[in-house]
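> The structure's right below; bear with me while I get my questions together.
The values are calculated or read from the model by the stated rules, or taken from the named source; none is laboratory data. Note that this is a predicted model, so its numbers are computed, not measured. As a convention, Cβ positions derive from the backbone with ideal geometry for all residues, glycine included, and neighbour counts pool all protein chains shown. Just the protein is used for accessible areas: all its heavy atoms, side chains included, with ligands, DNA and RNA removed. Shrake-Rupley method; radii C 1.70, N 1.55, O 1.52, S 1.80 Å.
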Amino acid sequence: MPLTLNVIQEQQEQKEIKNKKRYTEGYRLVGNHSAVKICAYCKKAIKGEDVCYKNTFYGIESWRCIQMSPTFFCDHRCVFCWRDIDYIWPKWQGPVDEPKFIVDECIKSHVELLQGFKGNQKAIESKLKEMQKPLHFAISLTGEPTMYPRLPEMIDYIKEKGMTAFLVTNGTIPEMVERLIGHQPTQLYISVYGPNKEIHQKTANPITKDAWEKLQKSLSMMHKFNRNVMRLTLTKGFNFVAPEKYAELAEKYKPMFIECKGYVWVGHSQERLEIENMPYHHEIMEFARKIEQNSSYKIIDFKEESRVALLAREDYKDRKMDF
Ligand code: SF4
């Protein structure tokens, strides 16, 4: 029996009747294997309360950003993940939806989900207008997007529509990263969950054999992407260690940007970790300074509320994109 989303849900219901909504909570499901969820910062931005750090660093208009994923499948069980990591798959299973269908349906679902803001007193008039025409895809909601076999076409179609595509991957499918060189996302993120194999294993607990070696292969192609980021999600007690070793990795693979992002105690990670596992912003800055001291990278920006620091070997005039 193919493992479609319905089958997953049935398995989930059987396993957790008392907690039926556990796995797909708050997601708007799209087709057989995709989902959209309105990002907290998108909501805050519509009310003029705040924007996300990707607005601060790269100019992303948070109120026009679609947070989605073309897959629920993932081969990692990262200790800090907001997802329910009981659901894990080494590779793709079941039907493969059309890229255009996924993109168009995600746009439609996202805009539908935002209509409630029309009655919200706090909503900013101009943002209410602009939110109807999303500009950005954040392909990072859940799961491992590079498992979706038609990802290159999906990214091409997003860009054909004049939108941006920020793709986050854990790098364990270097074959797909290689295919994406010819179908570049606007910005590629490769997540590095440890400065070495041992800590990566402890933090990400991958089911993929040779996950660390595959990650190295993906990192070695990073420089072929026009905009690329080595993303560190730092969790105390796990991978918030050895900044000089992360610096070594950066010197080896030369990413355009390094993001030092503090883990946030949300979702199902609260069942695995304590709030004390979240680094404070000043600790993130200190960690980033140590990377600075051990590499050719410099801190070029940060956002305190998001506990994140941005490093680069030089700042770029078009770092912050205009739309
Ligand atoms: S870039 Fe990420 S954090 Fe910012 S609005 Fe989009 S989904 Fe939210």
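> Across region 206-323, how large is the tail of the calculated P(r) beyond 26 Å, expressed as a percent of all Cα pairs? Walk me through the intermediate numbers first.
On the way: 1634 of 6903 pairs.
Here the long-distance tail beyond 26 Å is 24 percent of all Cα pairs in region 206-323.
> Please state, rounded to one decimal and in Å, the Kirkwood hydrodynamic radius that region 256-323 gives when every pair of distinct Cα atoms enters the mean of 1/r. Could you put the intermediate results ahead of the total?
On the way: mean 1/r = 0.0756 Å⁻¹.
When all Cα pairs of region 256-323 are included, the Kirkwood radius is 13.2 Å.
> When only DSSP loop residues count, what GluC sites (Glu not before Pro) in region 28-127 have their Cβ near at most 15 other Cβ atoms within 10 Å? Walk me through the numbers on the way to the answer.
Values: sites: E49, E61, E105, E112, E125; in loops: E49, E61.
Loop-located and lightly packed - E49.
> Another question, if that's okay. Ranked from the most accessible area to the least, with a 1.4 Å probe and all protein chains present, what is the order of K236, K197, K254? Mind dumping the intermediate values first?
On the way: K236 50, K197 95, K254 70 Å².
The ranking, largest first, comes out as K197, K254, K236.
> Place +1 on the Cβ of every Lys and Arg and -1 on the Cβ of every Asp and Glu in the chain, take the dipole about the Cα centre, and give the residue among A247, C78, I155 whose Cα lies farthest towards its positive end.
I155
> For R64, R179, give the ranking by accessible area with the largest first, probe 1.4 Å. All intermediate terms of the calculation are to be shown ahead of the outcome.
Working: R64 35, R179 120 Å².
Largest accessible area first, the list is R179, R64.
> Please compute, for the alpha-carbon atoms of the chain, the extent along each of the three principal axes and give them in descending order in Å.
Result for the chain: principal-axis Cα extents of 48, 48, 42 Å.
> Right, something else. Stokes-Einstein diffusion coefficient for region 40-120 at 10 °C in a medium of 1.306 mPa s, Rh from the Kirkwood formula over Cα pairs: what value in µm²/s? The partial results should precede the final answer.
Values: Rh = 15.3 Å.
Rounded to a whole number, D works out at 104 µm²/s.
> Turning to a different aspect of this structure: Please build a GNM for the chain, connecting alpha carbons under 10 Å apart, and tell me which residue among F80, F57, F166 fluctuates the most.
Greatest mean-square fluctuation among the candidates belongs to F57.
> Could you pull out every one of the lysines with an alpha carbon less than 23 Å from that of K197, ignoring same-chain neighbours closer than 8 positions?
K91, K209, K214, K217, K236, K245, K252, K254, K261, K290
> With contacts defined as alpha carbon pairs under 8 Å and 6 or more residues apart, what's the relative contact order of region 27-312 in percent?
Numbers: 576 pairs, mean separation 49.2, N = 286.
17 percent.
> Would you mind pulling out the separation of the Cα centroids of region 294-314 and region 49-92, in Å?
Between the Cα centre of region 294-314 and that of region 49-92, the gap is 21 Å.
> In debye, nearest 20, what is the charge dipole magnitude of the chain about its Cα centre with +1 on Lys and Arg Cβ and -1 on Asp and Glu Cβ, if you could check? Could you put the intermediate results ahead of the total?
Details: 49 positive and 43 negative charges, 63 e Å.
It comes to approximately 300 debye.
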